[in-house]
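The block underneath contains the structure these notes are about, expressed in structure tokens.
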Amino acid sequence: MRAAIRKSIFGGVASFTSTNPEPAFSPSKNSNEVLVSVKSAAINPVDYKLPKFVVGSIFGLDFSGIVEEVGKDVTDFKVGDKVFGVAKGALADKAVSDATRICKKTDDLTFLEAAALPVAYVTGLQGLKVGKVTEGSSVLIIGASGGCGLAAIHLSKAMGATRIVAICSGKNSQLVKDTGATEVVDYTQESDLKKFFAENEGK
């Protein structure tokens, strides 16, 4: 099996090898899990910033693919389902995931698009839920041109926010506008940043 193997306890140095054993899977032992043939996978900062003993020897969390086997207690998925979600060791031909950490892929999403969703969008959603964003809310997104930031813009729109202020560098202003930000503040321009916070204090 091909996989991106972590070469050190810390750091992001990987070795791509093709002689790795496939993950062991037993429907009775892995009763609440599924074995997936990975079609696409994504890399997030968490993949190379956390140590090996936390995330495992194979890189990757985000993936999309096709279910090959299901545990005996799994009822929401069957062999052949197209899914995406999170699994330790997603940068490999096959991965094992808890059935509660995946969902079915819709036909309007490619495998590539689906694999880019889990970590960034769940992180963005958690932030918006903590902020209690609802219809008509105003949202300030710092680092808006990164993965989580762009996800937060999409989600803010879907949740009904009417004012979405994106803070990012000027070179990425068009990107965040095209994604749905209603205002953009260039953090590299100190005067603009100070003016924004002065005018919006307490709002």
Going through the stretch 142-169 one residue at a time, which ones are surrounded by fewer than 17 Cβ atoms within 10 Å (Cβ to Cβ) and either among the acidic types (D, E) or in contact with a Ser or Thr (Cβ under 6 Å, 6 or more places away or on another chain) (or both)? R163, S169
Conditions first: (1) crowded, with 16+ Cβ neighbours inside 10 Å; (2) within 20 Å of the chain's Cα centre (by Cα); (3) at pLDDT 95 or above. L112 passes all but one, so which condition is the exception? (1)
Answer residue from the stretch 69-79, given it is touching a residue at least 12 places away in the same chain (Cβ under 8 Å) and in a loop (DSSP other than H, G, I, E, B) and is surrounded by the most Cβ atoms within 10 Å (Cβ to Cβ) among those: G71
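Is it the case that K105 is closer than 26 Å to S64 by Cα and in the same structural domain as K29 (by TED's automatic domain parsing)? So that I can check it myself, show each step before the final result.
Values: closer than 26 Å to S64 by Cα: yes; in the same structural domain as K29 (by TED's automatic domain parsing): yes.
In short, yes.
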Could you check the stretch 174-197 and list, in sequence order, the residues that are touching a helix residue (DSSP H, G or I) at 6+ places or on another chain (Cβ under 9 Å), in a loop (DSSP other than H, G, I, E, B) and under 20 Å from G160 (Cβ atoms)? G180, A181
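Scan I153, I141 and give me the residue that is farther than 26 Å from T100 by Cβ and part of a strand (DSSP E or B).
It is I141.
Yes/no per residue for (1) under 19 Å from E113 (Cα atoms); (2) touching a helix residue (DSSP H, G or I) at 6+ places or on another chain (Cβ under 9 Å); (3) of a type in the set (D, E):
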{"residue": "V38", "(1), (2), (3)": "yes, yes, no"}
{"residue": "K49", "(1), (2), (3)": "no, no, no"}
{"residue": "S64", "(1), (2), (3)": "yes, yes, no"}
{"residue": "D76", "(1), (2), (3)": "no, yes, yes"}
{"residue": "V79", "(1), (2), (3)": "no, no, no"}
Considering only the stretch 25-68, state which residues are acidic (D, E) and either touching a Ser or Thr at 6+ places or on another chain (Cβ under 9 Å) or assigned to a loop (DSSP other than H, G, I, E, B) (or both). E33, D62, E68
Looking at (1) farther than 16 Å from L35 by Cβ; (2) at pLDDT below 95; (3) of a type in the set (A, V, I, L, M, F, W, C), which is the only condition A90 fails? (1)
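Being modelled with pLDDT under 95, assigned by TED's automatic domain parsing to the domain that holds L125 and surrounded by fewer than 20 Cβ atoms within 10 Å (Cβ to Cβ) is the requirement here; does D192 meet it?
In short, yes.
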Regarding the stretch 9-19, can at least one residue be identified that is closer than 23 Å to F84 by Cβ, surrounded by 12 or more Cβ atoms within 10 Å (Cβ to Cβ) and either modelled with pLDDT of 85 or more or in contact with a Lys or Arg (Cβ under 6 Å, 6 or more places away or on another chain) (or both)? no
Pull up the stretch 93-109, narrow it to residues that are without any contact (Cβ under 8 Å) to a residue 60 or more places away in the chain and assigned to a loop (DSSP other than H, G, I, E, B), then point me to the one that is nearest to I58 (Cα to Cα). K105
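The values are calculated or read from the model by the stated rules, or taken from the named source; none is laboratory data. Predicted model only: the values in this text are computed from it and were never measured. Neighbour counts run over all protein chains shown; Cβ positions are idealised from the backbone, glycine included.
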